[in-house]
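I have placed the structure first, in the form of structure tokens, so that the comments after it can refer back to it.
The values are calculated or read from the model by the stated rules, or taken from the named source; none is laboratory data. Because the structure is predicted, anything quoted here is derived from the model rather than measured. Backbone-built Cβ (ideal geometry, glycine too); neighbour counts: all protein chains shown.
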Amino acid sequence: MNQWYCSVCHDILKGENKPGSCDTCQADDRMMIKLSDIPKTLEQVRDMARTKLKGICAAYPSCDGNFDKICQREAYGKPIGLGGAGQGRSFRANTEALAKIEFNMSVLGDHFEPDTSSSFLGIDLRFPVLSSSTAGAQNYNDALDETQFCTSILKGSKEAGTIGLRGDTWFYTLENHPSLNAMKACTGFGIPIFKPRSQDVLKQLIEKAEEYGCKAVGVDLDGCGSTIMARQGMPVFRKNVRDIEELVRFSSLPFIAKGIMMPEEAQKCVDAGVSVIAVSNHGGRVLDSTPGVATVLPLIRKKLGKSVTITADGGVRTGYDVLKMLALGADAVLLGRDIIRAAVGAGTLGVKLHLEHVHQTLIKAMFMTGTKNIKMADSRILFNQD
Ligand SMILES: Cc1cc2nc3c(=O)[nH]c(=O)nc-3n(C[C@H](O)[C@H](O)[C@H](O)COP(=O)(O)O)c2cc1C
């Protein structure tokens, strides 16, 4: 008799053949792994993702939007897949901007164990790295069900000691919204980020998030650049300050404005009552030729001062990148594509293994720069930055 592991809820099932679904969480057979094949390393998770994402993404060690990668090389004129908009310049700008930042390596001083703990909107985190809001994995070779994708990310993030955001896309409806379905299954331990739909639809989605006990809500304001939503009869809109104020006032939860790249617009969102500014160019997927996030982040931090919570995402692949973003002004850092691959590869377990790897490299980066705790991560640990 074989034993099978449910990669969403970790249950073990018995049976000669792969079970059709998990008795406990109802995850389907795509999430079942033979007990002897459970991945133990991140490389094994990536191998599994590589197989499932064939022709879309090869889970390269460097995910940078360069033309030698499947997502940019073969996507021209095809759906965006996991790539960037246009020629991928904004996607590449994210990794290039991070690559230009260098650390001051510090080796003198008393020995210490880096303390990575931090708090985000009053939630205690083991380290300030969150799974970013993404959606649409169901589209990729039908590798996994969308709600199971969302659940894996929320559970894997929690098990790693942090929290997951979830996204929104054209096949998510008020009646069947995989991100909210997963929030419900995870007793609200997550943060839904909705597309900038009509105010009326957004209010209904926010009400559901409140009902499920979510920790915050948000809108990816840069999602107004999504053409697929409109083509599928789910229009998205640019939002003005009055719209944002209205949503902030409507919601009892902290509100996140995601997709901000300009200091003046960040300030306007703060003035409208937003709790978190998520500095992001959507992984370079909505407008080609923006600067990298690491380039604009210090300007936004300077404009807003120290008291506003800022997240940053775009091209962050390791704990070294995380520490750079923190030193440039972020309070927390979001991971996009890497978490998608981890969830596709091995569900909750894959996400957990990935986040733990990032945690380990963050510890190493902090140790070698003399950064004893997260609050100490500032421009002093960076080479030639004021
Ligand atoms: C396939 C894919 C789908 C995404 N879907 C969403 C979404 O629904 N909502 C959202 O706020 N951001 C979405 N994003 C953007 C991510 O939240 C994040 O900003 C970006 O991926 C970070 O860059 P990285 O992938 O280089 O880490 C998506 C990104 C990708 C790659």
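Points worth noting:
- With respect to the stated conditions, Thr151 is more than 13 Å from the ligand (Cβ to nearest atom) and either of a type outside the set (A, V, I, L, M, F, W, C) or over 18 Å from the mean Cα position of the chain (by Cα) (or both).
- Close pairs from the range 126-138: first over 15 Å from Gly190 (Cβ atoms), partner within 10 Å of the ligand (Cβ to nearest atom) and part of a loop (DSSP other than H, G, I, E, B), Cβ under 6 Å, at least 6 apart: Gly136/Thr169
- Residue within the range 157-173 that is within 15 Å of the ligand (Cβ to nearest atom) and assigned to a helix (DSSP H, G or I) present: yes
- Subset of the range 46-68 (residues that are touching a residue at least 60 places away in the same chain (Cβ under 8 Å) and in a loop (DSSP other than H, G, I, E, B)): Leu53, Lys54, Gly55, Ile56, Cys57, Ala59, Ser62, Cys63, Asp64, Gly65
- Boolean, Ser226 is polar (S, T, N, Q) and more than 15 Å from the ligand (Cβ to nearest atom): no
- Unmet criterion (only one of (1) touching a Phe, Trp or Tyr at 6+ places or on another chain (Cβ under 7 Å); (2) under 15 Å from Arg317 (Cα atoms)) for Ile339: (1)
- Tally of residues being at pLDDT below 95 and under 26 Å from Ala97 (Cβ atoms) across the range 43-62: 7
- Within the range 343-376, the set of residues being over 18 Å from Ile163 (Cβ atoms) and of a type in the set (A, V, I, L, M) comprises Val344, Ala346, Ile363, Ala365, Met366, Met368, Met376.
- Test for Ser36: is it without any contact (Cβ under 8 Å) to a residue 60 or more places away in the chain and either assigned by TED's automatic domain parsing to the domain that holds Asn139 or of a type in the set (Gly, Ala, Ser) (or both): yes
- Residues of the range 196-241 satisfying the condition of being of a type in the set (Lys, Arg) and over 21 Å from the mean Cα position of the chain (by Cα): Lys203, Lys208, Arg231, Arg238, Lys239
- Number of residues in the range 6-45 that are among the acidic types (Asp, Glu), in contact with a Ser or Thr (Cβ under 7 Å, 6 or more places away or on another chain) and either over 19 Å from Thr151 (Cα atoms) or part of a loop (DSSP other than H, G, I, E, B) (or both) equals 1.
- Complete set of residues in the range 256-290 that are within 14 Å of the ligand (Cβ to nearest atom), assigned to a loop (DSSP other than H, G, I, E, B), of a type outside the set (Lys, Arg) and farther than 23 Å from Glu246 by Cα: Asn281, Val286, Leu287, Thr290
- A single member of Ala85, Ala59 is within 13 Å of the ligand (Cβ to nearest atom), within 21 Å of the chain's Cα centre (by Cα) and within 15 Å of Ala137 (Cβ to Cβ), and it is Ala59.
- When the range 326-343 is filtered for residues that are touching an Asp or Glu at 6+ places or on another chain (Cβ under 8 Å) and within 12 Å of the ligand (Cβ to nearest atom), the ones remaining, listed by number, are Val333, Leu334, Leu335, Gly336.
- Cβ-Cβ under 6 Å pairs, at least 6 apart or on other chains, the range 333-360 side within 17 Å of Tyr60 (Cα to Cα), far side part of a helix (DSSP H, G or I) and aromatic (Phe, Trp, Tyr): Ala343/Phe149
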